[in-house]
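Read-outs throughout are calculated quantities, based only on the coordinates presented, and are distinct from any laboratory measurement. Owing to the predicted nature of the structure, the values given are computational and were not obtained by experimental measurement. Every residue, glycine as well, gets a Cβ built from its backbone with ideal geometry; the counts of neighbours run over all protein chains shown.
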């Protein structure tokens, strides 16, 4: 029983659902039908229209679609139409709704004149594209006609219209008039040019003054083809195209549509004519007379004469050279990436440089040597950025005049991008001022000038400029011996037998025998190991004496240990054998000659490595660094705690300080008195800090010539087991000659150091 009831309920529910579905469907169809009844043109679609005719006040404007995107005015003038304006007109009719309807059959004394429709204010005819028909077979439509009459009196926000062959009057929103009631200036195209910048293949600029220039695009690069063949300034061409593409004409700037008026505006003989050639067509604009910062202009194929701003004239007032490429060499957007080889050929040498896998540069010819990476990089960057300054000669007949005929410097740059390419150019003479040099690209006739700064001298020097500036390469950690010849003295230092790689020990063996100062030794080794030439002067001087190498200012040699070679060249050495193969000692010597500019104090010096022909320059600071002393310059090395007395013999007074039995310092001379505070400690500290500036003599012989046999004053520090003393002799400029009992060397010491000691030890105590 329950089952039967359930079945009945399900059937009833199904019937109910079906009813609701059919009702809703009917309701939906009813709503759609009612909406269509409210539409003025229910079957209208803007995309199906290819012709528009607008009649108003005796003026017929006819617009036709030339393709799916462009429109053209064919009456009363032949003009390009404003696509946006046309599409706005077409769009108004798609959703145009009736707010009311006056039916002829239901209106007594129906008369179109009452609605302003006997003679409509505006008639708009819309033609469908060929082959398109709206409606059934019997009532198909090929053209829509919309007649616009009067506005309603009340509110003035609605207007009477008729559409098609139906005499029924529809009432619609009057705002449609704002959208469709257009004149010629509204509908004409305001863009002077319409083109895709990427499709432009040719630009022609004709000037009444400068003649005609034609540029053509090949593989995304622009080239001059008339009046000569050369690279064009692609960026300048792009700027011109941008300006032309963005050239828009205001409605009020259209001044005439009469072809015969071109004479009045100077367009029969234009000042400029610019033509843009694309893959599809050619567009041309002519520029005539100027007036109040504007220029009269006209497009080919159109009768309209209009104004454009004279800034365009100024931008187009170009000579041939203004459009030529100012970049001497063209590298792509990735700059110098992929450059692997550089060749420089001149009368003297042929330089070949190649990049290694480690991204270093090696000179392969004329001598295998590491190139100076920074110099190569800077040179490549410089030639990449070289800008042409002047266009000198395009004839190709006067190369000898500019040093580009017989023996120019040839620069070739190979870049491995894709299949690879080589850029080559020639460098000739410099101009009379030396600021510019003449160049030409390989295979071209044109001669240009480019700046010489940071470029010409390097290219001319070739090998000398590009070779590695490291003067002496050696393993500094294996240094065994240093010899420095300077000021008539020869200093010799060697590693001690108990040296370790962690903390090596060096001894001076001449002119004195004592432990060398490790920091000073390391400074010399490092200076020699990392010495860079400021400039390479020549590979082979005819007379090295001209540079002062017959009597060098300084010589510094380093003896180091280097792995030896196998006994036979064909001998195979295992990895194990290689670790223990014999070592050999090698020596390299740096020689410092004359000053480059003798009249200056701080100037470069000529230098060379003994046994090599190359002469180079090093900075004065490098030379100065070899003047350091290789042994200690400390005059006192005692422990202050062990000091028992201090005696200062001064021309003015003798001072004596002594510790008493309680280890307290007191003054005994010139009078007996305790020392206040830590004065004694300060005196002791000043004495211990005394240091010679340089060593004059590595012995205490012949002290008389330094005034040390009868010193001006002396300082003596006493201990339980002896004493340490300092003698101060003659003056030598801003220095004193001094000697100490601990080293027995003669030093030069700055006067101010002695005066500070006198201040601390004498003046304060006397006062």
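Order these by the 10 Å Cβ neighbour count, fewest first: 369, 240. Could you put the intermediate results ahead of the total?
Values: 369 14, 240 21.
Ascending number of Cβ neighbours within 10 Å: 369, 240.
As a footprinting exposure proxy, order 698, 706 by other Cβ within 10 Å, with the fewest listed first.
698, 706
I'd like the distance separating the alpha-carbon centroids of segment 179-206 and segment 693-711, in whole Å.
98
Given an 8 Å cut-off on Cα distances and at least 6 residues of separation, report the relative contact order of segment 46-187 as a percent.
Reported relative contact order: 25 percent.
Among 352-359, 423-430, how do they line up from the highest to the lowest mean number of other beta-carbon atoms within 10 Å?
423-430, 352-359
Counting other beta carbons within 10 Å of each residue's own, what order do 193, 657 fall into, fewest first?
Exposure proxy ranking, most exposed first: 193, 657.
How high is the FRET efficiency from residue 370 to residue 678, r the C-beta distance, R0 56 Å, rounded to 0.05?
E(calc), rounded to 0.05, equals 0.40.
For segment 339-466, what class follows from the C-alpha gyration tensor (a ≥ b ≥ c being the square roots of its eigenvalues): rounded when a/c is under 1.5, otherwise prolate if a/b is larger than b/c, else oblate?
prolate
What is the angle, in °, between the Cα long axis of helix 679-688 and the longest principal axis of the Cα atoms in the chain? Nearest 10 is fine, range 0 to 90.
Helix 679-688 sits at roughly 90 degrees to that axis.
Distances over 25 Å make up what percent of all Cα-Cα pairs in segment 189-345?
The answer is 36 percent, as a whole percent.
Go ahead and run the numbers for FRET between residue 278 and residue 143, Cβ-Cβ distance against an R0 of 35 Å, rounding to 0.05.
Plugging the Cβ-Cβ distance into 1/(1 + (r/R0)^6) gives 0.50.
Percent of Cα-Cα pairs more than 19 Å apart in segment 141-269, please.
More than 19 Å apart: 71 percent of the Cα pairs in segment 141-269.
For the chain, what is the Kirkwood estimate of the hydrodynamic radius, computed as the reciprocal of the mean inverse distance between distinct Cα atoms, to one decimal in Å?
38.3
Please report, in Å, the Rg and the Dmax of segment 598-747, where both are computed over Cα atoms only.
Here Rg and the maximum Cα pair distance are 21.0, 72 Å.
Report, in deg cm²/dmol and to the nearest 500, the calculated mean residue ellipticity at 222 nm for the chain, where each DSSP H run with n ≥ 4 adds -39500 (n - 2.57) and the sum is divided by the residue count.
Only helices count here, giving -5500 deg cm²/dmol.
Rounded to whole Å, give me the distance from the Cα center of segment 90-118 to that of segment 288-312.
46
So if we plug the beta-carbon distance of residue 250 and residue 401 into 1/(1 + (r/R0)^6) with R0 = 35 Å, what FRET efficiency do we get, rounded to 0.05? Before the final figure, lay out each step's value.
Details: r = 54 Å, r/R0 = 1.54.
E between residue 250 and residue 401, to the nearest 0.05, is 0.05.
Which distance in nm do the two modelled labels at residue 258 and residue 744 give, with both placed 7 Å along the Cα-to-Cβ direction?
Using points 7 Å along Cα→Cβ, the separation is 12.2 nm.
Could you give the angle, 0 to 90 degrees to the nearest 10, between helix 373-384's Cα long axis and the longest principal axis of the Cα atoms of the chain?
It works out to around 30 degrees.
On a 0 to 90 degree scale, rounded to 10, what angle separates helix 518-529 from the longest Cα axis of the chain?
Value to nearest ten degrees: 50.
Could you give the length gained by full extension between residue 513 and residue 348, i.e. 0.36 nm per residue of separation minus their alpha carbon distance, to one decimal place? Could the numbers behind the result be given before it?
Working: separation 165, 0.36 × 165 = 59.40 nm, distance 5.14 nm.
Taking 0.36 nm per residue and subtracting the Cα distance, the gain is 54.3 nm.
Tell me, in nm to one decimal, what length is gained between residue 477 and residue 751 on full extension, where the rule is 0.36 nm per residue of separation less the Cα-Cα distance?
Taking 0.36 nm per residue and subtracting the Cα distance, the gain is 94.7 nm.
Could you calculate the contour length gain from residue 360 to residue 37, that is, 0.36 nm times the residue separation minus the distance between their Cα atoms, to one decimal place in nm? Each step should come with its number before you reach the end.
Values: separation 323, 0.36 × 323 = 116.28 nm, distance 8.30 nm.
Length gained, residue 360 through residue 37: 108.0 nm.
Report, as a whole number in µm² per second, the diffusion coefficient that Stokes-Einstein gives for segment 220-282 at 25 °C and 0.890 mPa s using the Kirkwood radius over alpha carbon pairs.
For these conditions, the coefficient is 165 µm²/s.
If contacts are Cα pairs under 8 angstrom and at least 6 residues apart, what is the relative contact order of the chain in percent?
5 percent.
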